[in-house]
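The values are calculated or read from the model by the stated rules, or taken from the named source; none is laboratory data. Since this is a predicted model, take the numbers as computed values, not measurements. Heads up, the Cβs are rebuilt from the backbone with ideal geometry, glycines too, and the neighbour counts pull from every protein chain shown.
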């Protein structure tokens with residue numbers, strides 16, 4: 001979308017299309033609603049299965065008592081299948097596989113029935129992320145309440161650029177730091193109130209990523225804040241369409257880790273636009 005004024009009908013169509021695509025991703029077979037577990041792994045052997053007391057527990061009825069053994073060594077993480085379970089990775093059935101984590105790009109997807117396993121690496125630590133395409137969260141998802149689409153919340157902000165993009169460390173839900181590049185400060189005004197936000201580069205500078213909290217975070221929207229994507233700045237301007245503000249993954253599952261809004265992005269106004277707090281919370 002351009003920064004030009006658009007009609008009410010064009011705005012409705014644009015935002016509605018955004019919301020439909022957002023729901024489709026969230027409810028997909030690899031969407032955040034399928035995430036049912038994330039287990040941090042110490043060095044050594046770990047049992048993976050539905051048996052009571054398994055080191056990495058799986059839902060009863062979705063897997064055998066012992067599906068596999070996960071072994072962590074200084075050299076990496078290996079999954080060894082138990083019995084005759086049909087486990088697949090890299091397009092073929094496997095008996096044993098050295099798992100590639102997210103730091104190497106796309107992590108391996110190891111599948112058994114409706115379950116998918118992925119190796120997540122944070123520094124020198126590893127965790128096994130578990131998804132279930134038949135998870136109750138996905139099957140019974142009630143949708144996301146949202147504010148009515150409002151043209152007044154499609155705001156063109158003024159970007160005050162830095163001399164060069166600044167590297168900033170943002171804390172995430174695990175207490176770790178994630179690094180982003182910030183091109184400058186976006187200033188805007190709403191109902192006589194002045195506000196500023198720090199946008200960050202994402203996707204090789206193809207779009208901007210904004211993390212923010214506002215006064216609605218206290219009662220109507222997700223308490224940890226919301227996310228917003230914006231096109232790259234043009235001629236010193238940034239388009240902030242808060243009708244497209246959305247909840248982070250951690251609003252839907254305790255097994256996701258999300259970056260938190262920096263203090264500079266705590267807004268002293270109510271942004272009554274975009275997604276509200278999920279119904280389940």
Task: 2 or more residues out of contact with any strand residue (DSSP E or B) (no Cβ under 6 Å at 6 or more places or on another chain) and without any contact (Cβ under 8 Å) to a residue 24 or more places away in the chain: qualifying strands (runs of 3 or more DSSP E) within the stretch 1-76 - done: none
Open item on the list: Filter the stretch 130-164 down to the residues that are loosely packed, with under 12 Cβ neighbours inside 10 Å and in contact with a helix residue (DSSP H, G or I) (Cβ under 8 Å, 6 or more places away or on another chain) and list them by number.
Closed with: 143
Open item on the list: Which condition from (1) surrounded by 12 or more Cβ atoms within 10 Å (Cβ to Cβ); (2) under 24 Å from the mean Cα position of the chain (by Cα); (3) free of Cβ contacts under 8 Å to residues at least 40 places away in the same chain is the one that residue 167 breaks?
Closed with: (1)
Open item on the list: Looking only at the stretch 88-108, count every residue that is more than 20 Å from the chain's Cα centre (by Cα), under 15 Å from residue 126 (Cα atoms) and surrounded by fewer than 17 Cβ atoms within 10 Å (Cβ to Cβ) and tell me the total.
Closed with: 1
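Please determine whether any residue of the stretch 171-178 is crowded, with 18+ Cβ neighbours inside 10 Å and in contact with a strand residue (DSSP E or B) (Cβ under 8 Å, 6 or more places away or on another chain). Give the steps one after another, and end with the answer.
Step one: filter the stretch 171-178 for residues crowded, with 18+ Cβ neighbours inside 10 Å, giving none.
No: zero hits.
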Open item on the list: Going residue by residue through the stretch 204-218, is there one that turns out to be farther than 30 Å from residue 34 by Cβ, touching a strand residue (DSSP E or B) at 6+ places or on another chain (Cβ under 9 Å), in a loop (DSSP other than H, G, I, E, B) and touching a residue at least 12 places away in the same chain (Cβ under 8 Å)?
Closed with: yes
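Tell me whether the stretch 203-215 contains one or more residues that are farther than 15 Å from residue 160 by Cα, surrounded by fewer than 19 Cβ atoms within 10 Å (Cβ to Cβ) and in contact with a helix residue (DSSP H, G or I) (Cβ under 6 Å, 6 or more places away or on another chain).
From the stretch 203-215, those farther than 15 Å from residue 160 by Cα are 203-207, 209-215; that's our starting set.
Now narrow it down to the ones that are surrounded by fewer than 19 Cβ atoms within 10 Å (Cβ to Cβ): 203-207, 209, 215.
Imposing the further condition that a residue be in contact with a helix residue (DSSP H, G or I) (Cβ under 6 Å, 6 or more places away or on another chain) reduces the set to none.
So far as the stretch 203-215 goes, no, none of its residues is farther than 15 Å from residue 160 by Cα, surrounded by fewer than 19 Cβ atoms within 10 Å (Cβ to Cβ) and in contact with a helix residue (DSSP H, G or I) (Cβ under 6 Å, 6 or more places away or on another chain).
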Open item on the list: I'm trying to understand the selection: among the residues of the stretch 230-246, which are buried (at least 18 other Cβ atoms within 10 Å of the Cβ) and either within 13 Å of residue 202 (Cα to Cα) or not assigned by TED's automatic domain parsing to the domain that holds residue 153 (or both)?
Closed with: 230, 233
